1. Grab the DSSP H runs of the chain that are 4 residues or longer, score each as -39,500 (n - 2.57), total them, divide by all residues and round the 222 nm result to the nearest 500 deg cm²/dmol.
2. Give a residue-ordered list of calculated ³J(HN,Hα) values for the stretch 72-83 (Karplus: 6.51 cos²θ - 1.76 cosθ + 1.60, θ = phi - 60°; whole Hz; x for Gly, Pro).
3. If the chain between residue 6 and residue 203 were fully stretched, how many nm would it gain, using 0.36 nm times the residue separation less the Cα-Cα distance?
4. Classify the stretch 240-288 from the C-alpha gyration tensor, please: rounded if a/c falls under 1.5, else prolate or oblate depending on whether a/b exceeds b/c.
5. Whole-Hz ³J(HN,Hα) for each residue in the stretch 86-97, computed from phi via Karplus 6.51 cos²θ - 1.76 cosθ + 1.60 with θ = phi - 60°, x for glycine and proline: what do you get?
6. Any chance you could look up the accessible area of residue 19 with a 1.4 Å probe, heavy atoms only, rounded to 10 Å²?
7. Shape of the stretch 192-273 from its Cα gyration tensor (a ≥ b ≥ c, root eigenvalues): rounded if a/c is under 1.5, otherwise prolate when a/b > b/c, or oblate?
8. Provide the per residue accessible area, probe 1.4 Å, for the stretch 62-197, rounded to a whole number of square angstrom.
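The values are calculated or read from the model by the stated rules, or taken from the named source; none is laboratory data. Predicted model, so just to flag it, every value in this text is computed and none were measured. Heads up, the Cβs are rebuilt from the backbone with ideal geometry, glycines too, and the neighbour counts pull from every protein chain shown. Heavy atoms of the whole protein, side chains included, go into the accessibility calculation; ligands, DNA and RNA do not. Shrake-Rupley method; radii C 1.70, N 1.55, O 1.52, S 1.80 Å.
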Amino acid sequence: MESAKNWLQRNLKGDPILWAIVLLFSFISIAVVYSATGTLAYKKMDGNTEHFLFKHSSLIFVGLGFMWLAHRIDYRYYSRLALYALLVSVPLLLFTYLMGSNINEASRWLTIPVINQTFQPSDLAKLALISHLASMLSRRQQHLDDFWTTLFPVMLWVGIICGLIALTNASTSSLLFVTCLLLMFIGRVPLKQMLVMVLIGVTVGGTALASGQRWKTVKSRLESFSDPTKKTPFQLEHSYIAIATGGVAGKGPGKSTERNILPHPYSDFIYAIIIEEYGLIGGGVVLFLYLAFLYRGLKTVMNSYGAFGGLLSAGLSFSLVLQALVNMGVAVGLGPITGLPLPLLSMGGTSLIFTGISIGIILAVSRGEREIRPMTGEPDDTARIPSQRTAYA
């Protein structure tokens, strides 16, 4: 028993509570996706109801593997890699928009040759933008009032990436933009500059949305949500039925009936299936786990020694949890339908890998390593934000 404990301490570094939350999410995801895909697998896989179970489980373990690798790397290296990832993301997003696989009237996917696995470049772009934004803000903490040398590069990258994503995916673009605003707020960017950022975001995002592929869909979903006289969309109606019939304790694992009717019950509306099978208790536990994840991520911010680690952890934590809150809000009717999956729980492909990398980076920051100035190699004791350890001394 002691040897196993030593092995865990040696190989699973960082916040142990965060590790426990992620592993618990993984077990829940395997159980719920298995239930939600049972009928689909039976119909499409000639009765092999375990097909998606094995596929999803393998991707979960691959994601955990990438998370483990990412948490072993000194997080300071991500500051250097972020810019290169952004430079790769821009042509990938353009290529995907022009020549990507069109699914549900949106070109968001590229198919990786040989393994025949779809890949969303927006997943890479989100991770790269948040990392690079954290790097830029941390290196310019003493010059935040200088618009052209400090904030213009920030706004330029945010506008380019969010604009390109908005061409095919308005909800992901909007959520990423809000995350960037939160990161700028934590990074002490003046309110006046943030208002300029909002104006740029609305202008660029609106133009990209109007000229892209999703304007009609976004308009229709907003009208359906804001106009009470319109008929409730089909998927939302059955999400309500799943939640209402689940009650307090739920029907029990594997006993969902709406999984046979709801479109994408294993991704977009998996939260409705969770409540149907595990009740409001199960739904509350999932919500609590996401809030606990956010709390541990922000605790990492307070305990980090420099601005880059704190901003990086905050940005990635907010990105994952905000997406989760939006997905759950849609399922219960608190927002228009978005098509965003529930991170850590929905069935996915390469998105599970990028989620794993994001969490691995948060765990790397939680190891509490001191930052090094990229040029001098000296400890960075000056580039700190108020929410860091010095503010709580």
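1. Details: 14 runs with 256 residues, N = 393.
Calculated at 222 nm, the ellipticity per residue is -22000 deg cm²/dmol.
2. The phi angles translate into 7, 8, 4, 5, 5, 5, 5, 4, 7, 6, 4, 5 Hz.
3. Details: separation 197, 0.36 × 197 = 70.92 nm, distance 5.42 nm.
Roughly 65.5 nm would be gained on extension.
4. Details: a/c = 1.87, a/b = 1.32, b/c = 1.42.
Oblate, since a/c reaches 1.5 and b/c is not below a/b.
5. Ordered by residue, 3J(HN,Hα) equals 5, 5, 7, 5, 4, x, 5, 5, 5, 5, 5, 5 Hz.
6. About 20 Å², rounded to the nearest 10.
7. Cα axes put the stretch 192-273 in the prolate bin.
8. Values: 6240 Å² over 136 residues.
That works out to 46 Å² per residue.
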